[in-house]
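Read the structure below first, then the notes.
The values are calculated or read from the model by the stated rules, or taken from the named source; none is laboratory data. Every value quoted in this text rests on a predicted model; they were computed, and no experiment measured them. All Cβ positions, even for glycine, are placed from backbone atoms using ideal geometry, and neighbour counts span all protein chains on display.
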Amino acid sequence: MKIAVMAAGGLGGYYGALLAKDGHDVTFIARGAHLKAIRENGLTIKSVHGDLVIKPAKATYHPAEVGAVDWILFGVKTYDTQAAARAMQPMIGVQTAVMTFQNGVDAPDQIGAIVGKEHVLVAPTQVVSNIAAPGVIEQKSPFRMTTVGEIGGQGLSSRVEQIVAAFKRVGIEVSAAPDGRIPLWHKFVFIASTAGLASLARTAPYDLFQLPEARATLRAAMQEVDAVGRAQGIAMDADIVERQYQFTLNLKPGNKPSMLLDVEQGKRLEIDALSGAVVRLGAAKGIATPVHQTIYVGLKMEDARRAAPK
């Protein structure tokens, strides 16, 4: 398959490297020092599942240089979604599938409004992977779990089954979903709550949730997301809060959600797509979300300062 990674961050770069190693024609969209390092030295993966180097690695800053592809692994930060979707239009062919791995629940509609909703698949993923240095991605978690599905709930399509088969070949724990919105919201229960509280507290989940009061707040946050999802008409699993609560409590020392890493590194935050979306969607349905409102208030102004022109 001809594949483009938009862009070569912790998740997209890692999955793109696995697929490149398996023989796919992969081009990494990157910029700055990261792009320069990939072009000069290849893309290095340091992983608990085994290290690898893709060298030479095809990389560019300009999607137009790539042309139409079969698959796009779409993993930009949520605040860059619309700009990146517009930029990748030269890579969209008639049959191109765009898999969004992003956090939150808004991105599929935002991407679809620009490139056509028929191109968009959801691929909610749980993995700890980040850029450790230019040209180097570090993947730390024993888990690398992805579910792939159509966003319309029309059942399992042939393209979803093809992608799932390719991911399985490279060792990703992957499944196909008849309705991709359900696993997307299931992940949202986890990521909005765990990342939000950890980022607000500036503390890794393992350490933060040793505190009984923090565990109680985590459960309440997850219950808020579950309630909002049900109000949106999503067929949430009855035990999803308990499953995601236990998943969070079993995170290993040092595992940090990407938003906490962004806090520590002085980068912009995905707060609007996480707790901000919980508050907004909850308000539209008359559902109170006090935990997520507190998280949003605590982090929104920090993000606004980081987004302001220097």
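Overview of values
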read-out	value
Residues satisfying the stated conditions in segment 158-190, i.e. over 19 Å from ALA231 (Cα atoms) and part of a helix (DSSP H, G or I)	SER158, ARG159, VAL160, GLU161, GLN162, ILE163, VAL164, ALA165, ALA166, PHE167, LYS168, ARG169
Residue count for segment 278-303, restricted to those that are in a helix (DSSP H, G or I) and surrounded by 13 or more Cβ atoms within 10 Å (Cβ to Cβ)	18
Residues satisfying the stated conditions in segment 72-100, i.e. part of a helix (DSSP H, G or I) and touching a residue at least 12 places away in the same chain (Cβ under 8 Å)	THR78, TYR79, THR81, GLN82, ALA84, ALA85, ARG86, ALA87, GLN89, PRO90, MET91
Count of residues meeting criterion [touching a Ser or Thr at 6+ places or on another chain (Cβ under 8 Å) and either part of a loop (DSSP other than H, G, I, E, B) or of a type in the set (S, T, N, Q) (or both)] in segment 101-113	6
Pair list, Cβ < 8 Å and 6+ apart or interchain, from segment 104-128 residues that are within 26 Å of GLU173 (Cα to Cα) and of a type in the set (Ser, Thr, Tyr) to residues that are at pLDDT 95 or above and assigned to a loop (DSSP other than H, G, I, E, B)	THR125/PHE101
Cross-chain or 6+ apart pairs with Cβ under 9 Å, segment 217-246 first and in the same structural domain as ILE287 (by TED's automatic domain parsing) and closer than 16 Å to LEU184 by Cα, then part of a loop (DSSP other than H, G, I, E, B) and polar (S, T, N, Q)	GLU224/THR289; VAL225/THR289; ALA227/THR289; VAL228/THR289
Residue ID - farthest from PRO183 (Cα to Cα), chosen from residues in segment 92-139 that are surrounded by 19 or more Cβ atoms within 10 Å (Cβ to Cβ) and of a type in the set (Gly, Ala, Ser)	GLY135
